[in-house]
């Protein structure tokens, strides 16, 4: 086998790593817990794991759904577990639902070979258009519409699973998942929660990221907007806009809180808990009490 062939196969293998990681994510989640700790729901034709944490009080306030994702822009599974434990202590039954935003399919080699001269000309004209280098920073072929459709499917499956659960329904998501949830709830009003906790919502594409400001302000459900300081430029560019637009839209049940990125904490006991997650949990509990729950 010559050097060119070896190089070709190497790049093919590397290009498959994200796809393999995406397909194995749900299996990895299931294998990370002891047998019986992970339950499953059907999301479309696929089986997806969920982790439930029962309320640690005699009476439950309701159900909190925490969406996690294996990327640092969203709550990780470890952070979701920590947040779930803190909310369970305050009377919430918590369901942790891992999500993996789907990747838009890339054109195959056959499709590329079958392209007509007209298609090539159209692609060349599109490439000639001036695109600002920071107007779109999407990677791995993420698509907002595809992600929204996938999340709608998952939320509907969760609602069916929890239909006999009484009490309030609270949804918590961070980063790109938070932006996607706003879109999903706008498209399907039956997905509206009793309150939504949006932690640093953003989408790394300029048009969609700015549309998030209007979508949040016009949401018909209470919104707690938690902004993590120095999270990223995409979220920071809309932080003040979100607050002003919600005020101009006369959105009554809206609160924006900025959470610092660094903390100075002292404790005699070794708590081993993420101080940022503790502050997020405290703000969530304060918000639900403000709502009268």
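The values are calculated or read from the model by the stated rules, or taken from the named source; none is laboratory data. Computed from a predicted structure; not experimentally measured. Positions of Cβ are backbone-derived with ideal geometry, glycine not excepted, and every protein chain shown enters the neighbour counts.
Do you know which residues across region 220-233 are buried (at least 21 other Cβ atoms within 10 Å of the Cβ) and either more than 15 Å from the chain's Cα centre (by Cα) or closer than 14 Å to residue 181 by Cα (or both)?
Selection gives 223, 224, 225.
Six or more apart or on different chains, Cβ atoms under 8 Å: show the pairs whose first residue is in region 145-168 and in contact (Cβ under 8 Å) with a residue 24 or more places away in the chain and on the phi > 0 side of the Ramachandran plot and whose second is crowded, with 17+ Cβ neighbours inside 10 Å and in a loop (DSSP other than H, G, I, E, B).
Pairs that qualify, where the first residue is in contact (Cβ under 8 Å) with a residue 24 or more places away in the chain and on the phi > 0 side of the Ramachandran plot and the partner is crowded, with 17+ Cβ neighbours inside 10 Å and in a loop (DSSP other than H, G, I, E, B), are 167/60; 167/61.
Would you check which residues across region 27-39 are under 27 Å from residue 284 (Cα atoms) and either in contact with a helix residue (DSSP H, G or I) (Cβ under 8 Å, 6 or more places away or on another chain) or part of a strand (DSSP E or B) (or both) and list them?
29, 38, 39
Going through 82, 97 one at a time, which residue ends up being modelled with pLDDT of 90 or more and either part of a strand (DSSP E or B) or surrounded by 21 or more Cβ atoms within 10 Å (Cβ to Cβ) (or both)?
Checking each option against the conditions leaves just 97.
So how many residues does region 150-168 have that are in contact with a helix residue (DSSP H, G or I) (Cβ under 6 Å, 6 or more places away or on another chain) and either surrounded by fewer than 16 Cβ atoms within 10 Å (Cβ to Cβ) or not in a helix (DSSP H, G or I) (or both)?
The qualifying residues number 0.
Kindly indicate which of 215, 195, 146 is farther than 20 Å from residue 284 by Cα and at pLDDT 95 or above.
215
Hey, could you check region 48-73 for residues that are assigned to a strand (DSSP E or B) and more than 19 Å from the chain's Cα centre (by Cα) and say which is farthest from residue 198 (Cα to Cα)?
Among those that are assigned to a strand (DSSP E or B) and more than 19 Å from the chain's Cα centre (by Cα), it is 53.
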